[in-house]
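Notes follow once the structure below has been shown.
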Amino acid sequence: EAGVAQSPRYKIIEKRQSVAFWCNPISGHATLYWYQQILGQGPKLLIQFQNNGVVDDSQLPKDRFSAERLKGVDSTLKIQPAKLEDSAVYLCASSLTAGYTFGSGTRLTVV
Amino acid sequence: GENVEQHPSTLSVQEGDSAVIKCTYSDSASNYFPWYKQELGKRPQLIIDIRSNVGEKKDQRIAVTLNKTAKHFSLHITETQPEDSAVYFCAATPPGGAGNMLTFGGGTRLMVKP
């Protein structure tokens, strides 16, 4: 089966700019997650979707981060405006049951 | 919410030796415990998982044990090889049906010296 697709692979932006990441989950996976992985740390959940509905966004900094999954398939994560501390790898994952499959991630550098 | 602690943060072993990584969790309702391996610059990949109705699971050189009473679980790698060098993450998730959020530990950087 095809994996979880993410783009772009890398992104460098200046602080206060905006950026968007895209994720296409494995076909048929109803649940989609966005995780933030800061260098040297474990992934931290930002938001979980079940189909096109939000299940958990309690750790999403809503003043600057937003995410959507309008048709229950692809998802986008946006940061506006970016801060230096947003530099991290943003991982998308999808699941059918309990096991996750991660995408390759987008490495964001905010300068 | 769930909190997962992982130790040690770094582990260096000689090729052929065993490596053990330990994790504790806080939510006694958690019932699924996967382990992920992440090589430098790559995505985390599931290597083994265990559910709360099982005490131990083995897959070739990798095994995971779970102690529900003590709320801790461990990853055991035997006969380590240089290609086992990576960062390993444990995770836990509470029950509730399909697609539950995982809470990850902080990771263990394993270095296997040839």
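For segment A:1-34, the set of residues classified as hydroxyl-bearing (Ser, Thr, Tyr) and touching a residue at least 40 places away in the same chain (Cβ under 8 Å) consists of A:7, A:10, A:18, A:31, A:33, listed by residue number. Restricted to segment A:77-98, and to residues there that are loosely packed, with under 15 Cβ neighbours inside 10 Å and either over 17 Å from residue A:24 (Cα atoms) or touching a Cys at 6+ places or on another chain (Cβ under 8 Å) (or both), the residue that is nearest to the other protein chains (Cβ to nearest Cβ) is A:97. Being without any contact (Cβ under 8 Å) to a residue 60 or more places away in the chain, surrounded by 13 or more Cβ atoms within 10 Å (Cβ to Cβ), more than 20 Å from residue A:37 (Cβ to Cβ) and of a type in the set (Lys, Arg) is true of residue B:22. I'm trying to understand the selection: among the residues of segment B:32-47, which are within 13 Å of residue B:90 (Cα to Cα) and not in a strand (DSSP E or B)? Once the filter is applied, which keeps residues that are within 13 Å of residue B:90 (Cα to Cα) and not in a strand (DSSP E or B), segment B:32-47 yields only B:44.
Taken over segment B:25-45, the criterion of being surrounded by 16 or more Cβ atoms within 10 Å (Cβ to Cβ), more than 11 Å from chain A (Cβ to nearest Cβ) and modelled with pLDDT under 95 is satisfied by B:27, B:30. Scanning segment B:6-31 for residues that are in a strand (DSSP E or B) and closer than 20 Å to residue A:100 by Cα returns B:6, B:23, B:25.
Scan segment B:48-60 for residues that are in a strand (DSSP E or B), among the β-branched types (Val, Ile, Thr) and loosely packed, with under 14 Cβ neighbours inside 10 Å and the total you get is 0. Counting only strands (runs of 3 or more DSSP E) wholly contained in segment A:35-101, the ones carrying 2 or more residues that are of a type in the set (Gly, Ala, Ser) and either in contact (Cβ under 8 Å) with a residue 24 or more places away in the chain or more than 22 Å from residue B:100 (Cβ to Cβ) (or both) occupy A:65-68, A:88-95.
The values are calculated or read from the model by the stated rules, or taken from the named source; none is laboratory data. In this text the structure is predicted, and so the values were computed from the model without any measurement. Don't worry about glycine lacking a Cβ; one is built from the backbone with ideal geometry, like all the others, and counts go over all protein chains shown.
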